[in-house]
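Input: a single structure, listed below in structure tokens.
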Amino acid sequence: MSASVLFVCLGNICRSPLAEAALRAEAARAGLAVEVDSAGTGDWHVGSPPDRRAQAVARRHGIDISGYRGRQVTAEDFRRFDYVFALDGENLKNLRRLRPSDGTAELRLLMDLVPGREGSGVTDPYFGEDAGFDVTWDDVTRAAKAIVERLRDPR
Ligand code: 4NP
């Protein structure tokens, strides 16, 4: 049975789609079967493709995310997924409020898996410079590698 992982940010058009793409790529490289999805705590971008700057950085790394569509996280996600990763502390706070009492998913701050980055968030690149998306890509790739290691060698 393969593990399932959900990434959650605010809009589901910048950070969490890139985290989804990075984990799909790292899992494929490792030959690991993982179910991966992403969602936002907000509903402004439901049905929208990722931000064009997010699409561009993924494309520079050989990945096409133009078919991804935004969706809002639901209570059901906490029963459906094994892991729910919050991209930043605000997302984590909102997810703790949304989590139903019968939710089984392990809810974590994403960067807690990256040594030296515990407790930190992935900075929201939406209102910043294009270069911010490269920083996002680096962060989510490091986290994706850590997730693959964790899933291969559960401790
Ligand atoms: P994300 O970035 O949470 O990484 O997808 C954002 C996208 C849109 C908005 C905020 C953050 N927004 O306010 O519309």
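A search for C-beta distances below 9 Å between a residue of segment 3-19 that is at positive phi and any residue that is of a type in the set (A, V, I, L, M) and more than 9 Å from the ligand (Cβ to nearest atom), counting only pairs 6+ apart in sequence or on different chains, returns Asn12/Ala39; Asn12/Val46; Asn12/Val73. With the condition kept exactly as written, say whether any residue in segment 38-50 is assigned to a helix (DSSP H, G or I), out of contact with any helix residue (DSSP H, G or I) (no Cβ under 7 Å at 6 or more places or on another chain), surrounded by 14 or more Cβ atoms within 10 Å (Cβ to Cβ) and of a type in the set (S, T, N, Q). Taking every residue of segment 38-50 in turn, none turns out to be assigned to a helix (DSSP H, G or I), out of contact with any helix residue (DSSP H, G or I) (no Cβ under 7 Å at 6 or more places or on another chain), surrounded by 14 or more Cβ atoms within 10 Å (Cβ to Cβ) and of a type in the set (S, T, N, Q).
Residues of segment 51-77 that are within 14 Å of the chain's Cα centre (by Cα), among the small types (Gly, Ala, Ser) and either within 23 Å of Leu107 (Cα to Cα) or surrounded by fewer than 15 Cβ atoms within 10 Å (Cβ to Cβ) (or both): Gly70 alone.
A count restricted to segment 59-84 and to residues that are within 13 Å of the ligand (Cβ to nearest atom) and not in a loop (DSSP other than H, G, I, E, B) stands at 1.
Within segment 106-130, residues that are closer than 12 Å to Ala143 by Cα reach partners that are among the charged types (D, E, K, R) and within 16 Å of the ligand (Cβ to nearest atom) with beta carbons closer than 7 Å, at six or more positions or on different chains, in the pairs Met111/Asp139; Gly121/Asp88; Val122/Arg15; Val122/Asp88; Val122/Asp139.
Is it the case that some residue within segment 135-143 is outside any helix (DSSP H, G or I), free of Cβ contacts under 8 Å to residues at least 60 places away in the same chain and in contact with a Lys or Arg (Cβ under 8 Å, 6 or more places away or on another chain)?
No, that holds for no residue.
Cβ-Cβ distance below 9 Å, separation of 6 or more or different chains: which pairs start in segment 53-66 with a residue that is within 13 Å of Pro125 (Cβ to Cβ) and end on one that is basic (Lys, Arg) and surrounded by 12 or more Cβ atoms within 10 Å (Cβ to Cβ)? Within 9 Å, the pairs are Ala54/Arg15.
A short reminder: the numbers here are calculations on the coordinates, not readings from a lab. Treat the numbers as computed from the prediction; the structure is a model and nothing was measured. With ideal geometry, Cβ positions are generated from the backbone for all residues, glycine too; neighbour counts draw on all protein chains shown.
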